[in-house]
Amino acid sequence: MSTSASDIGGLALGAQSLDKLRLQAKQSPDQAIKGAAQQFEQVFLNMMLKSMREATPQEGMFDSEQTKMFTGMLDQQLAQSMSSGHGIGLADVMARQLSRSSLGAEIDPAAAGKAAPVTRTSIPSAYNENFQQDFVRKLMPHAEQASRATGIPAQLMVGQAALESGWGRREIKSAEGVNSHNLFGIKAGPGWNGKVAEVMTTEYHNGVANKQVEKFRAYDSYADSFKDYADMLSSNPRYADVLRQGNNAQGFANALQQAGYATDPKYGDKLSSVIKSVNTLA
């Protein structure tokens, strides 16, 4: 396949920009994120202009390889000029999302023992700056009540609920779409006599992910979810060390992992990170 002059220019620009971004990443991560977002917007604009050109019929003296080459170069310069100015807003949105992507992880509930969340790679999507604050505000009263029963600080429990449910955006629902209010990924074992929600989830066996249908407990409210979670931690000896951690967020997270709450080997660190985010919002 032949390569046009505009393609060569684009490749050179990409190589030079990549070196520049690498240097920025070492010196100023925020600037590197902004630069990467602007580069993406520029590529997007160039592709959009090229698609528009190709969709427009060309006939006569202007329909030649030479004019196409110069038109392509013009489109590339136009895309670069638009992106270096105010652009179309795409770069700003991407930079904002990338800067905040570490605030929380989106996860699927999975099972190991009574409860086992498994993390999913977080991909930037439509971002609501207030959804995390709303999540904390909505659940904090229930967490405070559970805290009085267990001695576990409310922020730690809200942090785990945030990790397990993807800040409320990936809650467990029944096949009919009914919310189970299960914020902690607790499975419905043989001793559970309440409602259940059967969903496809991810189980990790010896580090290998497998998809399978599991039954999870379903509640009438978030208050019931927190109460059941508190009862489980208080009554099950395997979580005794979790209750002894006090205000130690990292200790709480590590103790849950060591007790077999989750199969993700990085669960403790991920939970600790989300709890820090909750502390800034509470």
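Values for this structure:
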| item | result |
| --- | --- |
| Residues being aliphatic (A, V, I, L, M), in a helix (DSSP H, G or I) and crowded, with 22+ Cβ neighbours inside 10 Å - total across the stretch 131-153 | 4 |
| Filter result (buried (at least 19 other Cβ atoms within 10 Å of the Cβ) and of a type in the set (S, T, N, Q)) within the stretch 240-272 | Q245, N254, Q257, T263, S272 |
| Residue in the stretch 205-212 that is at pLDDT below 95 and surrounded by 14 or more Cβ atoms within 10 Å (Cβ to Cβ) present | no |
| Residue that is surrounded by the fewest Cβ atoms within 10 Å (Cβ to Cβ) [pool: residues in the stretch 182-204 that are among the polar types (S, T, N, Q) and in a loop (DSSP other than H, G, I, E, B)] | N193 |
| Lone qualifier among N193, N130, N210 - being under 21 Å from S277 (Cα atoms) and of a type in the set (S, T, N, Q) | N130 |
| Subset of the stretch 193-230 [free of Cβ contacts under 8 Å to residues at least 60 places away in the same chain and either under 20 Å from H142 (Cβ atoms) or small (G, A, S) (or both)] | G194, K195, A197, G207, R217, A218, Y219, D220, S221, D224, D228 |
| Filter result for D264 (over 14 Å from E164 (Cβ atoms), in the same structural domain as G159 (by TED's automatic domain parsing) and in contact (Cβ under 8 Å) with a residue 12 or more places away in the chain) | no |
| Pairs with Cβ under 6 Å, 6+ apart, first in the stretch 238-255 and in the same structural domain as Q155 (by TED's automatic domain parsing), second assigned to a helix (DSSP H, G or I) and acidic (D, E) | A255/D241 |
| The lone exception for R170 - which of (1) in a helix (DSSP H, G or I); (2) touching a residue at least 24 places away in the same chain (Cβ under 8 Å); (3) surrounded by fewer than 20 Cβ atoms within 10 Å (Cβ to Cβ) it fails | (1) |
| Unmet requirement for V199, which otherwise passes all of (1) of a type in the set (A, V, I, L, M); (2) under 20 Å from A162 (Cβ atoms); (3) in contact with a Leu (Cβ under 8 Å, 6 or more places away or on another chain) | (3) |
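The values are calculated or read from the model by the stated rules, or taken from the named source; none is laboratory data. Computed from a prediction, not measured in an experiment: that's the story for all the values here. Positions of Cβ are generated from backbone atoms using ideal geometry, with glycine treated the same way; all protein chains shown enter the neighbour counts.
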